[in-house]
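Okay, so here's the structure we're looking at.
The values are calculated or read from the model by the stated rules, or taken from the named source; none is laboratory data. Everything quoted here is computed from the prediction, not taken from an experiment. Reconstructed Cβ throughout: ideal geometry from the backbone, glycine too, with neighbour counts over all protein chains shown. Side chains are part of the model used for accessible areas, which takes the heavy atoms of the whole protein and leaves out ligands, DNA and RNA. Shrake-Rupley method; radii C 1.70, N 1.55, O 1.52, S 1.80 Å.
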Amino acid sequence: MSRVVVKDVCFSYRSGEEVLKGITLDFDEKSTAIIGQNGAGKTTFVKLLKGLLKPTRGEIYILGRSANEMTAAALAPFIGLVFQNPNDQIFRSTVLEEVMFGPLNIGEDPKGARKKAEEALEMVGLTEKASENPHDLRLSEKKLVCVASIVAMEPEILILDEPTIAQDHAGMAAIRQVIRRFKEQGKLVMGILHDMDFAAENFERVVVFHQGTVVADDDPREVFSRESLLQRAGLEVPHITRLGWSLGRKETFLTEAELIQSLRGEGSTDR
Amino acid sequence: MKTFSLYVPRDSLIHRINPIDKILYTITAIAVPLILPSMAASFLCMLISLSLLAAARVVRQSLPVFAFVFLILCTVVLIQGWFYPGNQTPLFGVEPFVFHAEGLMKACRIGIRVTNVVAAFLLLVLTTKPADLVEELVRRGLSPRIGYVLDSIFQILPQMMNTTRTILDAQRSRGLETEGSLWVRVKAFLPLIVPVVMSSLIHAKERALALEVRGLHFEGQRTWLREKRTYPYSREIRGGLLLVLTASIVWRILG
Ligand SMILES: Nc1ncnc2c1ncn2[C@@H]1O[C@H](COP(=O)(O)OP(=O)(O)OP(=O)(O)O)[C@@H](O)[C@H]1O
Ligand SMILES: [Mg+2]
C-alpha cells in the first residue's frame, strides 16, 4: 500500500528558480535512501512531505491525506522529520522536556509523554543526559536528541535528514538501531544521506536527486552499480562496492559481509 | 551577510551624499519647525523633505510608512476635531461628534509636523546603507567598538527573523499549531521568545569572539578595507544647513 504519493510536484523559493522540477514518486513501506549532491533539493523535498512548504504545483498525499490542505502541525502525528541541523530544532531547556514536547502536542497526557520520551532516549542511549540542557551536549548527541524527540511521537513515517553527519561509532549504532526498529514495526523510514556506505547497508531502495529531478530510483544494488550515472549526479559509489570492483568482481557488493563471503567462497573453490 | 535595512539601491544624487550630511539634514528638518512654530515653516520643511524623497526615487518604498502614519493621523483628526479644548467654531457633524475649526487646524498642524519628521527620517534611512553610515562615523573618530555594536544591531534583526522561522518550523513539525487564528498565533509566539533571544545572544557572542581573534581591540594604526569614498557637495550642504538653522534662530529671537 502506498504511504506517500507525490504527483508531479514543483517548488521554488523565488519565482523563476525552480528547486524541484516535477517530482513523481510513490513510497510503500520499503525503507528509502535519498541521495544527491549539495543543493539537489533533497531537504526541500522532505519539507514538502512534512507540510512545512507547500508545492507550487502538483499534489502530495500522506497516508491518503492531502498534504496540500493540511498544516504541518496537523500532519505531525503521521510523519516525523529530523532536521539536518539540530540547532534548528532544539528549543527546550532540558533534554527530557525537548523530547516530551512532540508527544504532548499530539495529545499525549504528561505521564504517557514522559514514558515515550524516556523510551526514545533509551533507544538512542541518552538516558543519562535526560536532565541536561540540550545546548550543552556534543553535536552528535544533539542530533540524537532530535532523533529521539521524533521517535517519541511514534509517527507512521520517519524522515531523517543527514542522520550520520558528525556521528561517532556509538551514534551510528544508535541510528541503525532506530532505523531497524521502525522497519520491524512495518513503518516507512526515509533518510537523506551523503554517506553512501550507510545508505547501501541500511536501506532497501535508493532515490537519486539531481538538480531538482529524480534521475534514478531502484534497489541499492541496481543504483550503486551504475557508476557513470552516479558520477553525473556528483556522487560516489560505496567504498565496499569500489573495493569489490578493484578486486576484479563484476557484481555490486553493498556490505562488508557480502564481500567477505564472496571472497571466502572463491577462496574455497580455488583450493 | 544579510542586514536589516530599508535601504533602496538607486542611482541618485541623494544616494551619493555623505551619510553624515544626511543625518545633519534630518536634524535640521526636525529642528526648524521646533524653532519656528509657524505652520508655514513646518509646511515648507515637509515640502522640501518630500521633494527630496521624490528626487531620490524612493517614493514607492516610503508609501507603506506614510500609509501607516496616515492611519494614525486619522484618529488625531477625529479626536482633535471633536474634543480639542479650544474648540469654539462648530463646522459639521451631529452632537456630540461635531467637528470644530480650531481642532481641525490643530490636527492639521500635527499632521504636517509628523509627516515632516517621518519624511526626513525616511530620506536618511531609505537612501543610506547602514554599513556606510557606520563606516563614515568610525572614520570621524567614533570608536570601532561602538561601530561594531551599531553594525550588529542592523544584523541581529534579520538573524532573529531567520531564527524565528526555523524554530517555528521545528515546533510546527512536532505538532504545535502555529497557523490560523490570531489566538493560535499568539499562543505559538510565546514559547518562541526565549529560544529566539537565546540563539541571537549566542550568535552575537560567537561573532564577537571571532572579531576579537581578528583584532577588534587592536590599539595601533588601523587601515580600511574599503577606500575612502569622497562625497559630493559636503561643504555646501553643511554650510547651507548651518545657515538655515542660524537664520531660523535669529528669526525666532527677533520676531
Ligand atoms: N529558504 C530558502 N530560500 C531560498 N533558497 C533556498 C532556501 N533553502 C534552500 N534553497 C535553495 O534551494 C536549493 C535546494 O536546497 P536544498 O536544501 O533542498 O538542497 P539539499 O539537496 O538538501 O542540499 P544539502 O545536501 O546541501 O543539504 C539550493 O540551491 C538552495 O540554495
Ligand atoms: Mg539538505
Exercise for review: Run down A:Glu258, A:Glu251 and say which single residue is within 20 Å of A:Asn202 (Cβ to Cβ) and open to solvent by 80 Å² or more (accessible area, probe 1.4 Å).
Suggested key: A:Glu251
Exercise for review: Six or more apart or on different chains, Cβ under 6 Å: which pairs go from a residue in segment A:136-161 that's touching a residue at least 60 places away in the same chain (Cβ under 8 Å) and part of a helix (DSSP H, G or I) to one that's open to solvent by less than 10 Å² (accessible area, probe 1.4 Å) and among the polar types (S, T, N, Q)? Could you list them?
Suggested key: A:Cys146/A:Gln89
Point to revise | Yes/no for A:Ile60 being in contact (Cβ under 8 Å) with a residue 12 or more places away in the chain, of a type in the set (Val, Ile, Thr) and either surrounded by fewer than 18 Cβ atoms within 10 Å (Cβ to Cβ) or away from ligand 1 (no atom under 16 Å from the Cβ) (or both) | key: no
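Give the residue that is nearest to ligand 2 (Cβ to nearest atom), with candidates limited to residues of segment A:115-146 that are within 13 Å of chain B (Cβ to nearest Cβ) and over 15 Å from A:Arg92 (Cα atoms).
For segment A:115-146, the residue satisfying everything is A:Ala120.
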Practice item. Please specify each residue of segment A:45-55 satisfying the condition of being within 16 Å of ligand 2 (Cβ to nearest atom), open to solvent by 10 Å² or more (accessible area, probe 1.4 Å) and either out of contact with any Lys or Arg (no Cβ under 7 Å at 6 or more places or on another chain) or farther than 22 Å from A:Leu193 by Cα (or both). Key: A:Lys47
Review point. Does A:Glu29 satisfy the condition of being on the phi < 0 side of the Ramachandran plot and assigned to a helix (DSSP H, G or I)?
Key: no
Practice item. List every residue pair whose Cβ atoms sit under 7 Å apart, with the two residues 6 or more apart in sequence or on different chains, where the first one lies in segment A:41-57 and is hydroxyl-bearing (Ser, Thr, Tyr) and the second, anywhere, is open to solvent by 10 Å² or more (accessible area, probe 1.4 Å). Key: A:Thr43/A:Gln84; A:Thr44/A:Phe11; A:Thr44/A:Val19; A:Thr44/A:Leu53; A:Thr56/A:Phe11; A:Thr56/A:Ser12
Practice item. State the number of residues belonging to segment A:218-239 that are surrounded by fewer than 16 Cβ atoms within 10 Å (Cβ to Cβ) and part of a helix (DSSP H, G or I). Key: 8
Study note, to complete from the structure: Those residues of segment A:1-37 which are within 16 Å of ligand 2 (Cβ to nearest atom) and farther than 27 Å from A:Phe182 by Cα amount to A:Phe11, A:Tyr13, A:Val19, A:Leu20
Exercise for review: Report, by residue number, each residue of segment A:38-57 that is touching a helix residue (DSSP H, G or I) at 6+ places or on another chain (Cβ under 8 Å), within 15 Å of ligand 1 (Cβ to nearest atom), of a type outside the set (Lys, Arg) and part of a loop (DSSP other than H, G, I, E, B).
Suggested key: A:Leu52, A:Leu53, A:Pro55
Study note, to complete from the structure: Matching residues in segment A:184-216 (within 16 Å of ligand 1 (Cβ to nearest atom) and not aliphatic (A, V, I, L, M)) number 9
Practice item. Go over the candidates B:Arg113, B:Arg109, B:Arg139 one by one and state the one that is charged (D, E, K, R) and loosely packed, with under 15 Cβ neighbours inside 10 Å. Key: B:Arg139
Check your understanding: Going through segment A:61-82 one residue at a time, which ones are more than 8 Å from chain B (Cβ to nearest Cβ), among the hydroxyl-bearing types (Ser, Thr, Tyr) and more than 21 Å from A:Val207 (Cα to Cα)?
Key -> A:Ser66
Practice item. Go through the residues of segment B:47-56 one by one and say whether even a single one is modelled with pLDDT under 90 and open to solvent by 70 Å² or more (accessible area, probe 1.4 Å). Key: no
Review point. Hey, does segment B:5-12 have a residue that's of a type outside the set (Asp, Glu), out of contact with any Cys (no Cβ under 9 Å at 6 or more places or on another chain) and within 30 Å of B:Thr246 (Cβ to Cβ)?
Key: yes
Practice item. Inspect all residues belonging to segment B:155-169 and state whether any of them is within 14 Å of chain A (Cβ to nearest Cβ), touching an Asp or Glu at 6+ places or on another chain (Cβ under 6 Å), without any contact (Cβ under 8 Å) to a residue 60 or more places away in the chain and buried (at least 16 other Cβ atoms within 10 Å of the Cβ). Key: yes
Revision key, fill the gap. Over segment A:15-26, the set of residues part of a loop (DSSP other than H, G, I, E, B) and either open to solvent by less than 10 Å² (accessible area, probe 1.4 Å) or within 7 Å of ligand 1 (Cβ to nearest atom) (or both) is none
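Limited to segment A:27-37, what total is found for residues that are more than 8 Å from ligand 1 (Cβ to nearest atom) and within 27 Å of A:Glu236 (Cβ to Cβ)?
Here is the first cut: in segment A:27-37, the ones more than 8 Å from ligand 1 (Cβ to nearest atom) are A:27-35.
Those left that are additionally within 27 Å of A:Glu236 (Cβ to Cβ): A:27, A:30-35.
Selection size over segment A:27-37: 7.
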Practice item. State which residue is farthest from the other protein chains (Cβ to nearest Cβ) when the search covers only segment B:179-215 and only residues that are of a type in the set (Ser, Thr, Tyr) and in contact (Cβ under 8 Å) with a residue 24 or more places away in the chain. Key: B:Ser200
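Would you confirm, using the coordinates I've provided, whether A:Gly58 is more than 14 Å from every other protein chain (Cβ to nearest Cβ) and within 16 Å of ligand 2 (Cβ to nearest atom)?
No, not satisfied.
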Point to revise | Qualifying residue in segment A:160-170 (condition: open to solvent by less than 10 Å² (accessible area, probe 1.4 Å), more than 16 Å from ligand 2 (Cβ to nearest atom) and over 20 Å from A:Leu63 (Cα atoms)) | key: no
Practice item. Just name the residue that is farthest from ligand 2 (Cβ to nearest atom) out of those in segment A:71-114 that are assigned to a helix (DSSP H, G or I), in contact (Cβ under 8 Å) with a residue 40 or more places away in the chain and open to solvent by less than 10 Å² (accessible area, probe 1.4 Å). Key: A:Pro103
